[in-house]
Amino acid sequence: MPVTLESVRFRYDPHGPDILSGVDLTIPDGQMIALVGPSGSGKTTLLQLIGGILKPTAGTIRNTTAPGDMRWVFQTPTLLARQSVRHNIDIAVVSCPWSRSERADRVEEMIRDVRLEDFADMPVNRLSGGQQQRVQIARALASKPPLVLADEPTGQLDHTTTGVVMDAIRAARDRGTTVVIVTHDMYVAGLCERVVTLEDGGVSGDRMTGGMTRDVTGNMAGEQTDGADHGQA
Ligand SMILES: Nc1ncnc2c1ncn2[C@@H]1O[C@H](COP(=O)(O)OP(=O)(O)OP(=O)(O)O)[C@@H](O)[C@H]1O
């Protein structure tokens with residue numbers, strides 16, 4: 001079921017200003033969408049409304065994915081610091097209806113997807129911030145969730161590693177996962193199929209990126225996004 005927002009308003013302080021003052025948005029199943037916009041425009045707030053962490057002040061949000069089936073990627077990784085990379089990913093698949101060997105294969109697949117093979121047995125508190133970010137992404141995608149909500153998932157990553165992570169996210173999308181990514185990085189936005197811009201409390205831009213494809217080496221083909229607003233897709 002698509003995620004739909006109708007006339008969504010939100011304010012943190014009942015006596016304060018609206019942070020969002022009428023957002024209408026439909027996110028079809030399996031879409032990979034970037035939320036962009038100036039700092040403070042409400043991107044994280046909107047993500048938290050979609051995920052049900054916040055409730056709208058007015059308007060309607062329909063998201064039929066059960067909270068336990070959604071996966072989050074936060075700006076700051078929330079991992080079991082003293083546990084290994086493998087263990088941190090493994091706990092994400094414990095409740096999946098798969099055999100033991102399927103679960104183990106999936107964990108190894110995710111470790112490979114985010115290129116952490118050499119660190120699989122290392123406690124995550126001995127990894128760099130960017131490596132921890134990759135563990136968090138592997139953990140979020142491991143259970144093949146229907147919906148992933150990611151807040152600046154590549155914020156600590158260099159260009160090459162950003163490409164690796166985006167490939168893993170795109171592979172999830174190709175399997176049908178809906179992905180919403182808050183980002184400041186127009187390179188990341190361009191790897192999503194749709195870019196929604198938030199500004200002044202509402203959606204000021206909404207466009208498809210034009211079927212960009214990109215291989216794992218970072219080479220790109222297809223239309224480059226330019227951050228401009230081309231109106232409704
Ligand atoms: N818990 C909170 N209580 C009160 N105001 C908040 C709270 N969280 C965010 N805000 C305010 O809401 C507005 C939108 O914040 P939000 O974090 O959603 O923006 P953003 O677009 O994600 O910003 P950034 O790109 O800088 O991360 C900002 O003005 C911020 O100060």
Go through (1) surrounded by 15 or more Cβ atoms within 10 Å (Cβ to Cβ); (2) over 15 Å from the mean Cα position of the chain (by Cα) one by one and return the number of the condition Pro77 breaks. (2)
Go through segment 54-74 and give me each residue that's surrounded by fewer than 16 Cβ atoms within 10 Å (Cβ to Cβ) and modelled with pLDDT of 95 or more. Lys55, Ala58, Thr60, Arg62
Considering only residues that are surrounded by 13 or more Cβ atoms within 10 Å (Cβ to Cβ) and either out of contact with any strand residue (DSSP E or B) (no Cβ under 7 Å at 6 or more places or on another chain) or over 21 Å from Gly42 (Cβ atoms) (or both), look in segment 204-217 and name the one that is modelled with the lowest pLDDT. Arg214
Report whether or not Arg71 is more than 15 Å from Val180 (Cα to Cα) and among the basic types (Lys, Arg). no
Would you check if Leu147 is aliphatic (A, V, I, L, M) and without any contact (Cβ under 8 Å) to a residue 40 or more places away in the chain? no
Please find, within segment 115-143, the residue that is surrounded by the fewest Cβ atoms within 10 Å (Cβ to Cβ) out of those that are within 19 Å of Gly68 (Cα to Cα) and of a type in the set (S, T, N, Q). Ser143
Of all residues being of a type in the set (Ser, Thr, Tyr) and at pLDDT 95 or above in segment 178-203, which is nearest to the ligand (Cβ to nearest atom)? Just the residue, please. Thr183
Do you know which residues across segment 1-12 are modelled with pLDDT of 95 or more and surrounded by fewer than 18 Cβ atoms within 10 Å (Cβ to Cβ)? Thr4, Glu6, Ser7, Arg9, Arg11, Tyr12
Would you list the strands (runs of 3 or more DSSP E) that sit entirely within segment 1-105 and hold 1 or more residues that are touching a residue at least 60 places away in the same chain (Cβ under 8 Å) and either among the β-branched types (Val, Ile, Thr) or within 16 Å of the ligand (Cβ to nearest atom) (or both)? 3-10, 20-27, 32-36, 70-73
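The values are calculated or read from the model by the stated rules, or taken from the named source; none is laboratory data. Just so we're clear, the structure is a prediction, and the values are computed from it rather than from any experiment. Cβ sites come from the backbone with ideal geometry, for glycine too, and all protein chains shown count toward neighbours.
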